[in-house]
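Below you'll find the structure, written out as structure tokens, and then a few comments.
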Amino acid sequence: MSERVAATERATAESRIRVELCIDGTGQAQIDTGIGFFDHMLTTLAKHALLDLNVTATGDLHVDAHHSVEDTAIVIGQTLKQALGDKAGVQRFAQACVPLDEALAHCVIDLAGRPYAVCTGEPDGQQYALIAGSGVPFSGAMTVHVLESLALNAGICLHMLLLAGRDPHHIVEAQFKALALALRDAMALNPRIAGTIPSTKGSL
């Protein structure tokens, strides 16, 4: 089996992003985006997806976090797609339902090669929540941008349904953990289909 690793860089007038990842890792992460809560979410993603993930991002944080967050998700998606290769032997489909106190998020993934993202169930006002310690805040609206950007650039069909939630931090963290577990299981290699593409078309 070839090692499922990749690295990608992307530079625009708004941001410069570098991502390195290993799909078959142990959940080690080195994350530096300049946005504390987003760093926490990406560390959480790596931990529970068992990805080894290094992310370095610099961007126009004097404007807000939007460009850096969205562009980082784009590059993570591109890097995942590269590391997955032809997807021979992967489980392909997976789902996870994750609680965090009052919040409950359900994520379903298909490594279909046909990008699509559906995000529903967030309570009114979640998109206006600002989550931050002492640094640049992460807007609740950005979670949907992350999921869409990752799915579209990785070639993933992703459905995220928030079943319950009140606290903005808990909602986003439950969503990222559900994403992580669904990704982990979808990308896992199934020995029963080793070397073959899990599709009647013969490609994903």
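The values are calculated or read from the model by the stated rules, or taken from the named source; none is laboratory data. From a predicted model like this one, the values you see are computed outputs, not experimental measurements. Every residue, glycine as well, gets a Cβ built from its backbone with ideal geometry; the counts of neighbours run over all protein chains shown. Calculation scope for accessible area: heavy atoms of the full protein, side chains included, ligands and nucleic acids excluded. Shrake-Rupley method; radii C 1.70, N 1.55, O 1.52, S 1.80 Å.
Of everything in region 184-201 that is open to solvent by 50 Å² or more (accessible area, probe 1.4 Å) and not in a helix (DSSP H, G or I), the residue that is nearest to VAL90 (Cα to Cα) is LEU189. Of all residues in region 84-104, how many are under 14 Å from the mean Cα position of the chain (by Cα) and crowded, with 22+ Cβ neighbours inside 10 Å? Of the residues in region 84-104, 0 are under 14 Å from the mean Cα position of the chain (by Cα) and crowded, with 22+ Cβ neighbours inside 10 Å.
Looking at region 52-75, which of its residues are closer than 19 Å to VAL172 by Cα and either open to solvent by less than 10 Å² (accessible area, probe 1.4 Å) or part of a loop (DSSP other than H, G, I, E, B) (or both)? ASP64, ALA65, SER68, VAL69, THR72, ALA73, listed by residue number.
Does region 83-93 include one or more residues that are over 30 Å from ILE193 (Cα atoms) and of a type in the set (S, T, N, Q)? Looking for residues that are over 30 Å from ILE193 (Cα atoms) and of a type in the set (S, T, N, Q), one finds none in region 83-93, hence no. Counting only residues that are polar (S, T, N, Q) and within 30 Å of LEU204 (Cα to Cα), region 112-166 holds 4 of them. Screening CYS119 on (1) open to solvent by 10 Å² or more (accessible area, probe 1.4 Å); (2) touching a residue at least 60 places away in the same chain (Cβ under 8 Å); (3) not β-branched (Val, Ile, Thr) shows it passes everything except condition (2). If you go through region 136-177 and keep only what is within 11 Å of the chain's Cα centre (by Cα) and farther than 24 Å from ARG114 by Cβ, you end up with just LYS177. Candidates are the residues of region 1-21 that are touching a residue at least 12 places away in the same chain (Cβ under 8 Å) and in a loop (DSSP other than H, G, I, E, B); the one that is surrounded by the most Cβ atoms within 10 Å (Cβ to Cβ) is ARG4. Within region 136-171, the residues that satisfy the criterion of being open to solvent by less than 30 Å² (accessible area, probe 1.4 Å), closer than 27 Å to ALA7 by Cβ and outside any strand (DSSP E or B) are MET142, THR143, VAL146, LEU147, SER149, LEU150, ALA151, ALA154, GLY155, ILE156.
Looking at region 22-40, which of the residues that are closer than 14 Å to ALA57 by Cβ and assigned to a strand (DSSP E or B) is most open to solvent (accessible area, probe 1.4 Å)? Among those that are closer than 14 Å to ALA57 by Cβ and assigned to a strand (DSSP E or B), it is GLN30. Restricting region 90-113 to residues that are modelled with pLDDT of 95 or more and part of a loop (DSSP other than H, G, I, E, B), the residue that is nearest to LEU163 (Cα to Cα) is GLU102.
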